[in-house]
Amino acid sequence: MAVKEAAQKKPNILCIMSDEHTWNILGCYGNSTVKTPNLDKLAGDGVLFTDCYTPSPLCVPARLAFTAGQYISRCKGWDNESELASNDYPSLFRILNNEGYECVLGGKMHYAADRRYGFTKDLYPGFNKDKKTLKRHVRVNPDSEEYAGMKDILSPRFKNFKVADEDPHLDHDIKVTNLCGDYIKNHKKDDKPFFLLAGYIAPHFPFVVPHKFDVYKDKVPMPVIPDGFLESLPLHYKVLRRAFQTEKVPDEIIKRGRELYYGYVAWMDDQIGRLLQTLKNSESGDDTVVIYTTDHGENLGEHGMWWKNNMYDSAARIPLIVSFPDKYSAGKRINKVCGLLDLVPTITEICGGKIPGDWDGDSLLGLIKNEASAWRDFAVSEYYAHNIAAGHCMIRRGKYKYVYLDSINDKHGAEKQLFDLEADPQEFNNLAGDLRYAPLIKELHALLVKSLGRDPEDIEAEVRESLN
């Protein structure tokens, strides 16, 4: 195993992080429609985690959590306008610097102009240059006239689904492939080891797909929405649908959006394949650990939702593949529940660093070596950002997922969901109202509070105070 040789020569790390990639729209995750030969091969040569979750189904919070190794409610990564408390905030990359690594940022991480959190080289500084100037979103009041006036408005985002061979997002990702490839080609055996993060925009909306990859017309099934399901959604999710203007999306837009998304994933896989081929042909090809993951998923109309921002698996569950240069545990699939925050100490252990005691994840190397080894088998995700009435949080343990939706006001209290993902993988049957599951809900809620270090209602109160 490559990490055993750390005392002689520490392995390089190529971490490929896409944006908004639904976990099961990959061939290696069982999808027989989408064509992703390069990521499928990476999974065949490495270890695939079937049940991995994001710390937050939103870009910046998820990436700040990955940077800090902490839940978003601990590192204060509330929304897309957030940053960590300071540029010298303890981070994964600072630990790797101390272990002799050159930490290189290649592409998207959504940091502000004056923040790199330990990356010592930025291959594409023009992309991550702007300070965040967006207005922070206050909570949506479902009893207000403003909320009533949002009804039946269709989001303008849907107008941006198209086929085109040139687009700023495509151009960005092509540049990421080339810049990261050039760095790898120029890296010599005797150079200090690198941690290179290749940050792709794809397959984040808008779904702009080159003609060559627009090959999924009439091949992608529509979302399954049982009769009465949308009416039975928690009020929190009804608010989310209306605030994002996705209540009345025409079938033809749903169909076309899903087809284009599949093409966008295939295009991204082609870009990743080019980068991996460059690595294979380089001096670093035989001593680099390759990781593929994303920040969160994309709903694509499932449960009546689009984009991310909720706790259904389409938004909160993510792909994770770790491939060692000596093909250690090649083809292994690990079915234990884990999270993106577990990847942070995993990378640290691979690189020989000391894992801080205040991180919220555990190294996955023990599971990789022996899946029967002790493992907590749960993951936590949180969302406190825009277009919601109150915060959402989730804990997945084993086959059960428990979702807690914070109190909105005195009129609308907290809502709960419980899903048995073995019996109900599409998350249609909420078991929270069944008294037989009351002890389990109590147990999972206590574990959620223990993991976060405080009650979700207290976290929501802090966020509301920060918005004033």
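Listing for the model above:
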read-out	value
Cβ-Cβ FRET estimate between Lys185 and Asp114, R0 fixed at 41 Å, reported to 0.05	0.85
Net length gained if the chain between Lys332 and Lys450 were fully extended (0.36 nm per residue, minus Cα distance)	39.3 nm
³J(HN,Hα), Karplus 6.51/-1.76/1.60, whole Hz, each residue of the range 399-413, x for Gly, Pro	8, 9, 10, 10, 10, 10, 10, 4, 4, 8, 6, 5, 7, 10, x
In the range 175-238, trypsin sites (Lys or Arg not before Pro) in a DSSP loop with at most 15 other beta-carbon atoms within 10 Å	Lys188, Lys189, Lys217, Lys219
Straight-distance crosslink candidates among lysines, where the alpha carbon sits under 24 Å from Lys255 and sequence neighbours closer than 8 are dropped	Lys35, Lys151, Lys159, Lys162, Lys212, Lys217, Lys219, Lys238, Lys308
Amide H contacts under 5 Å for Leu364, placed H, 5+ residues apart	Thr346
Degrees between helix 168-186 axis and first principal axis of the chain (Cα, 0 to 90, nearest 10)	30
GluC sites (Glu not before Pro) within the range 371-468, DSSP loop, no more than 11 other Cβ atoms inside 10 Å	Glu422
Anchor Lys76: lysines whose Cα lies under 16 Å away (excluding residues fewer than 8 positions away in-chain)	Lys132
Share antiparallel - DSSP beta bridges, the chain, percent rounded to 5	50
Count of lysine pairs in the range 345-442 with Cα separation under 28 Å (8 or more residues apart, or interchain)	10
Nonlocal amide H pairs with Leu320, under 5 Å, H built at 1.01 Å	Phe49
Helical contribution to [θ] at 222 nm, DSSP H n ≥ 4, -39,500 (n - 2.57), averaged over the chain, rounded to 500	-9000 deg cm²/dmol
Total formal charge among the other residues, if their Cβ is under 15 angstrom from that of Arg256, Lys/Arg +1 and Asp/Glu -1	+1
Surface accessible to a 1.4 Å probe, per residue, for the residues of the chain, Å²	39
Overall dimensions of the chain by Cα: Rg and Dmax, Å	21.3, 66
Carbon plus sulfur fraction of accessible area for the chain, probe 1.4 Å, in percent	49
Reachable aspartates and glutamates, given that their alpha-carbon falls under 15 Å from the alpha-carbon of Lys188 and they are not under 8 places away in the same chain	Glu102, Glu283, Asp286, Asp287
Ranked order, Lys416, Lys399 - accessible area, probe 1.4 Å, largest first	Lys416, Lys399
Under 5 Å, built H, 5+ apart or other chain: amide partners of Gly339	Tyr53
Solvent-accessible surface (1.4 angstrom probe) belonging to His445, in square angstrom, nearest 10	40
Calculated from backbone phi, Karplus (6.51, -1.76, 1.60) coupling profile of the range 451-464 in Hz, x at Gly/Pro	5, 6, x, 6, 6, x, 5, 5, 5, 4, 4, 5, 5, 4
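The values are calculated or read from the model by the stated rules, or taken from the named source; none is laboratory data. None of the values given here were measured: they were computed from a predicted structure. Heads up, the Cβs are rebuilt from the backbone with ideal geometry, glycines too, and the neighbour counts pull from every protein chain shown. The protein model used for the area step is the full one, side chains on, heavy atoms only, and it has no ligands, DNA or RNA in it. Shrake-Rupley method; radii C 1.70, N 1.55, O 1.52, S 1.80 Å.
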